[in-house]
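Below is one structure, written out as structure tokens, with a few remarks after it.
The values are calculated or read from the model by the stated rules, or taken from the named source; none is laboratory data. Every value quoted in this text rests on a predicted model; they were computed, and no experiment measured them. Ideal geometry is used to build each Cβ from the backbone, glycine not excepted, and the neighbour counts take in all protein chains shown. Heavy atoms of the whole protein, side chains included, go into the accessibility calculation; ligands, DNA and RNA do not. Shrake-Rupley method; radii C 1.70, N 1.55, O 1.52, S 1.80 Å.
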Amino acid sequence: MTSPPKPERRATGQKPLKPFNNGDIKVLLLEGINTTGVNILKNAGYQVEAHPKALPVEVLKEKIKDVHVIGLRSKTQLTADVLKEAKNLLVIGCFCIGTNQVDLAYAAEHGIAVFNSPFSNSRSVAELAIAEIVALSRQLGDRNNELHRGFWNKTSNGCREIRGKTIGIVGYGHIGSQLSVLADAMGMRVIFFDTLQLMPLGTAQPVASLDDLLANADFVTLHVPETPETKNMIGEREIKIMKKGSYLINLARGTLVDIPALAAALKSGHLAGAAVDVFPVEPYANGPGFESELVGAPNTILTPHVGGSTEEAQSSIGVEVGSALVRYVNNGTTLGAVNFPECDVRLPADQKTVRVLNVHQNVPGVLKQINKVLSEFNIEKQICDSKENIAYLMADLNVDSESDLIKINELVSSMPENIRTRLLY
Ligand SMILES: O=C(O)C(=O)COP(=O)(O)O
């Protein structure tokens, strides 16, 4: 039999907490999660099944049925249809930045918290963008392909330095701002557009609209998430606004760009090149069979979604997301969750403390009902916060007997507005 989860390292006097009613925690990890993450979950005492690839959807639906924790990267689609099979699922770890592959609202409404790694691969993506700006500017992809085919083509036509050129960064978050610093250091003029007002780094300058950026940049590079607002944000109209002879780089999400419009602009020569790492539909496993209208377009660098795929990024994402999952399972902490309110209370010192964690519908009157149950005991601490349709409560109580634990669990779980109740003791 597997031993119960081991507590995390803690200051003396703090009580280790462990799940009261989840059985042995089962974890399913997909898409080659780094060993740093796998080891954190194994060392917590959980049963870990790790796969190097994404799973076909029917296999995923079967496997997800009895796991408490699932870890994935950008490929695995956790739609409502898949999640409805996941009866025991407590938490999802996206071991990447993007969370568009998960139905976040469905997860929240079924009491499943979702964590990601908001910036651990930012540097890797920013470095690749710089490499691609230089490579596009010097037509390196085409020269490389020609020479591999035995064709010598020494030319300077259309090949330029990047110094003094304008980079237009769309999205000035963790990746966009990191790229801003690197581009600035390479002597580029940096302009950026973001829907938030953000502090420009170095000599970077914000512009008022996406159209302003498109009309002024030699290199347009996208660093925004996939949302309904960003879908097809670069289409035929936007490409027309871009300067003749400019370049487009997409290391963000495939759905941001209208691919047929981009292919047409590359073939007509309106754009001088593009680097594309992400595609509207990506194969779920490595191997032959990739197709895109961009294949064969001039000065076009295509890569298989490797922007964040470095040893450094994957190892630090493993630590970050692996630790967030253990903290949520063992302590109930939601700091860093993307679809839950962020709540934390310190670990209790009293050995009799029991922690009640409750996800409920965000409607009036629920706290009154919960507190009717909890107020029979000494409440050491309590916190409750809401986000959209759900609220999350953490309460530490002094409880003496196992029968009281069972009673609390039953009473709180049986409220009509209850979504999920867990006890840690
Ligand atoms: O971090 C992201 O959102 C990425 O797109 C990288 O995804 P990956 O971990 O390489 O599947």
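Looking only at region 91-105, decide whether some residue is at pLDDT 95 or above, out of contact with any strand residue (DSSP E or B) (no Cβ under 9 Å at 6 or more places or on another chain), assigned to a loop (DSSP other than H, G, I, E, B) and crowded, with 19+ Cβ neighbours inside 10 Å. Talk me through it step by step, then tell me what you get.
Of all residues in region 91-105, those at pLDDT 95 or above come to 91-105.
Then keep just the ones that are out of contact with any strand residue (DSSP E or B) (no Cβ under 9 Å at 6 or more places or on another chain); that gives 97-98, 100, 105.
If we keep only those that are assigned to a loop (DSSP other than H, G, I, E, B) as well, we get 97-98, 100.
After this cut, where a residue has to be crowded, with 19+ Cβ neighbours inside 10 Å as well, the list is 97.
Yes, there is a match, as at least one residue in region 91-105 is at pLDDT 95 or above, out of contact with any strand residue (DSSP E or B) (no Cβ under 9 Å at 6 or more places or on another chain), assigned to a loop (DSSP other than H, G, I, E, B) and crowded, with 19+ Cβ neighbours inside 10 Å.
Among the residues of region 177-197, write down those that are small (Gly, Ala, Ser), more than 11 Å from residue 223 (Cα to Cα) and part of a helix (DSSP H, G or I).
Keep residues of region 177-197 that are small (Gly, Ala, Ser), which gives 177, 180, 183, 185, 187.
Checking which are more than 11 Å from residue 223 (Cα to Cα) leaves us with 180, 183, 185, 187.
Correct list: 180, 183, 185.
Is at least one residue of region 68-89 small (Gly, Ala, Ser), touching a residue at least 60 places away in the same chain (Cβ under 8 Å), surrounded by 19 or more Cβ atoms within 10 Å (Cβ to Cβ) and within 22 Å of residue 323 (Cα to Cα)?
Start the filter on region 68-89 by keeping residues that are small (Gly, Ala, Ser), which leaves 71, 74, 80, 86.
Subsequent filtering for residues that are touching a residue at least 60 places away in the same chain (Cβ under 8 Å) retains 71, 74.
If we keep only those that are surrounded by 19 or more Cβ atoms within 10 Å (Cβ to Cβ) too, we end up with 71, 74.
Then drop every residue that is not within 22 Å of residue 323 (Cα to Cα), which leaves 71, 74.
The answer is yes; a qualifying residue exists.
Kindly indicate the residue of region 106-126 that is more than 12 Å from the ligand (Cβ to nearest atom) and of a type in the set (Gly, Ala, Ser) and also surrounded by the most Cβ atoms within 10 Å (Cβ to Cβ) among those meeting that condition.
The residue in question is 113.
Residue check, residue 227 against (1) open to solvent by 40 Å² or more (accessible area, probe 1.4 Å); (2) more than 19 Å from residue 194 (Cα to Cα); (3) within 16 Å of the ligand (Cβ to nearest atom), all met but one. Which one?
Exception for residue 227: condition (2).
For region 135-178, what are the residues that are closer than 18 Å to residue 310 by Cβ and either out of contact with any Phe, Trp or Tyr (no Cβ under 9 Å at 6 or more places or on another chain) or surrounded by fewer than 19 Cβ atoms within 10 Å (Cβ to Cβ) (or both)? Quick ask: steps written out before the conclusion?
Step one: list which residues in region 135-178 are closer than 18 Å to residue 310 by Cβ, which gives 135, 174-175, 178.
If the condition is that a residue be closer than 18 Å to residue 310 by Cβ and either out of contact with any Phe, Trp or Tyr (no Cβ under 9 Å at 6 or more places or on another chain) or surrounded by fewer than 19 Cβ atoms within 10 Å (Cβ to Cβ) (or both), then 135, 174 are the ones that fit.
Under 7 Å between Cβ atoms, at least 6 apart or on separate chains: pull out the pairs that start in region 309-334 with a residue that is touching a residue at least 40 places away in the same chain (Cβ under 8 Å) and end on any residue that is within 16 Å of the ligand (Cβ to nearest atom) and of a type in the set (A, V, I, L, M).
Note: pairs meeting the criteria are 318/33.
Can you tell me which residues in region 242-251 are open to solvent by 10 Å² or more (accessible area, probe 1.4 Å) and either within 16 Å of the ligand (Cβ to nearest atom) or more than 21 Å from residue 164 (Cα to Cα) (or both)?
Within region 242-251, the subset open to solvent by 10 Å² or more (accessible area, probe 1.4 Å) is 243-245, 247, 251.
Scanning region 242-251 gives a single hit, 251.
Could you list, in sequence order, all residues of region 52-67 that are more than 17 Å from residue 309 (Cβ to Cβ) and open to solvent by 20 Å² or more (accessible area, probe 1.4 Å)?
At the first step, the residues of region 52-67 found to be more than 17 Å from residue 309 (Cβ to Cβ) are 55-67.
Hits for region 52-67 are 55, 56, 57, 58, 59, 61, 62, 63, 65, 66.
Return the only residue of 355, 327 being under 21 Å from residue 423 (Cα atoms) and open to solvent by 10 Å² or more (accessible area, probe 1.4 Å).
Working: 355 fails: open to solvent by 10 Å² or more (accessible area, probe 1.4 Å).
Exactly one of 355, 327 is under 21 Å from residue 423 (Cα atoms) and open to solvent by 10 Å² or more (accessible area, probe 1.4 Å), namely 327.
I'd like to know if region 308-319 contains one or more residues that are in a strand (DSSP E or B), at negative phi and within 16 Å of the ligand (Cβ to nearest atom).
In the first step, residues of region 308-319 are kept if they are in a strand (DSSP E or B); the result is none.
No; the residues of region 308-319 include none that is in a strand (DSSP E or B), at negative phi and within 16 Å of the ligand (Cβ to nearest atom).
Here is a check on your reading of the model: is residue 132 within 16 Å of the ligand (Cβ to nearest atom), farther than 27 Å from residue 324 by Cα and at pLDDT 95 or above?
Working: within 16 Å of the ligand (Cβ to nearest atom): yes; farther than 27 Å from residue 324 by Cα: yes; at pLDDT 95 or above: yes.
Considered against the rule, which asks whether it is within 16 Å of the ligand (Cβ to nearest atom), farther than 27 Å from residue 324 by Cα and at pLDDT 95 or above, residue 132 comes out as yes.
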